[in-house]
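Have a look at the structure below, then the notes.
Every number in this text was worked out from the coordinates using simple rules, so none of it is lab data. Please read these numbers as outputs of a predicted model, since none were measured by experiment. Note that each Cβ is placed from the backbone with ideal geometry, even for glycine, and that neighbours are counted across all protein chains shown.
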Amino acid sequence: MQRPLIIALDLDDVAKRRALLDQFNGESLFVKVGMELFYREGRQVIHELKESGHQIFLDLKLHDIPNTVQRTMRELASLDIDIVNVHAAGGKKMMSAARDGLEQGTKAGGKRPILIAVTQLTSTDEETMQSELLINQQLNEVVRTYASFAQESGVDGVVCSAKEVPLIQDSCGTSFYTVCPGIRRKEDVVGDQKRVVTPEEARELGSWGIVVGRSITTAEHPLKVYQEMKQDWEG
Ligand code: C5P
């Protein structure tokens, strides 16, 4: 799989989603289906996107008891998605249950979806993590340790800030996937993200993939912004 620029389809109705994708003139994209879209349109949206030739990161960030996560992953694996994720905060048992579920649900001869784990959301900074999640450690150490736990549990990679990629690769190696949201061009509005980098910086930091939402989805000319960001990303 080529190192992807994944477009987060965080749009609040079907017509807007279709209108956005129509602007890409049939180009095969890598898209992220998040909770908003999946809870609204369900499995149908996955079938529709697959039929249009897109690859899919299903970003549902599962976090529940191991048995529930395993059974849910078994269900999701039947959807022919490419990447799916869990919260590493669910613990090692939950993460390995997720992997087991994906293996059980992948059709014979089919490709198991890549499983990644969220370490800390890119909207969480160290102050919030310490004062509200009551994790009394440095953010970098939490991210590094959660990534190692994920790897030990059979998870293929993590969702992380691009700034954390060198530290994660230091512990988990360069073949461990790093999928990085919190991407902005210099001129973009940062919004609720706290740890942002440009596509070029993400490449230099060694990210495997980047996730871009509002910079593209709210742009006046989404295709133009996508092409520019892709060029910066690919170098
Ligand atoms: O609009 P923006 O580029 O900030 O969108 C980033 C996307 O990546 C959103 O869909 C958000 O839910 C997702 N994400 C994130 N941080 C994580 C995991 C996922 O921002 N750690």
Checklist entry - What lysines sit close enough to Lys93 to cross-link, taking a C-alpha to C-alpha distance under 20 Å and skipping anything fewer than 8 places away on the same chain? => result Lys61
Checklist outcome for this item: Checked the chain against the a/c 1.5 cut and the a/b vs b/c comparison, axes a ≥ b ≥ c from its Cα gyration tensor; verdict oblate
Next on the checklist: Classify region 18-143 from the C-alpha gyration tensor, please: rounded if a/c falls under 1.5, else prolate or oblate depending on whether a/b exceeds b/c.
Outcome noted: oblate
Next on the checklist: Contact order normalised by length for region 1-54, with contacts defined as Cα pairs under 8 Å and 6 or more residues apart; what percent is it?
Outcome noted: 43
Item to check | Shape category assigned to region 8-64 from the gyration tensor of Cα positions, a/c cut at 1.5 | outcome: prolate
Checklist entry - Ile114's amide H: which non-local residues (gap 5+, or another chain) put their own amide H closer than 5 Å, with H modeled 1.01 Å from N in plane and none for Pro or chain starts? => result Ile83, Val84
Checklist entry - Relative contact order for region 33-118: what is it in percent, counting Cα pairs under 8 Å that are at least 6 residues apart? => result 30
Checklist entry - GNM on the chain, C-alpha springs below 10 Å: top fluctuator among Ala19, Ala97, Ala117? => result Ala19
Item to check | Greater than 21 Å apart at Cα, pairs in Lys16/Lys50; Lys50/Lys194; Lys111/Lys224; Lys32/Lys186; Lys32/Lys230; Lys186/Lys224 | outcome: Lys50/Lys194; Lys111/Lys224; Lys32/Lys186
Checklist entry - HN-Hα J couplings of region 212-218 from phi, Karplus 6.51/-1.76/1.60, θ = phi - 60°, integer Hz, Gly and Pro as x? => result 10, x, 4, 4, 9, 5, 9
Checklist entry - In region 176-225, which trypsin sites (Lys or Arg not before Pro) are in a loop and have at most 16 other Cβ atoms within 10 Å, using DSSP for the loop call? => result Arg185, Lys186, Lys194
Next on the checklist: Charges at C-beta only: +1 for Lys and Arg, -1 for Asp and Glu. How large is the resulting dipole of the chain about its Cα centre, in Debye rounded to 20?
Outcome noted: 560
Item to check | Built amide H within the under 5 Å cut-off of Lys61, gap 5+ | outcome: Asn85
Checklist entry - Distance from the Cα centre of region 94-133 to that of region 185-235, in angstrom? => result 23
Item to check | Those aspartates and glutamates that a straight Cα-Cα span of less than 14 Å connects to Lys107, excepting residues fewer than 8 apart in one chain | outcome: Glu75, Asp80, Asp82
Checklist outcome for this item: Here the relative contact order (percent) of the chain, from C-alpha pairs under 8 Å and at least 6 apart, is 19
Checklist outcome for this item: Filtering trypsin sites (Lys or Arg not before Pro) in region 15-114 by DSSP loop and by at most 11 other Cβ atoms within 10 Å leaves Lys107, Lys111
Checklist outcome for this item: Helix-only [θ] at 222 nm, the chain, -39500 (n - 2.57) per DSSP H run of 4+, per residue, nearest 500, equals -12500 deg cm²/dmol
Checklist outcome for this item: If each K or R counts +1 and each D or E counts -1, the residues other than Phe57 whose Cβ falls under 9 Å of its Cβ total -1
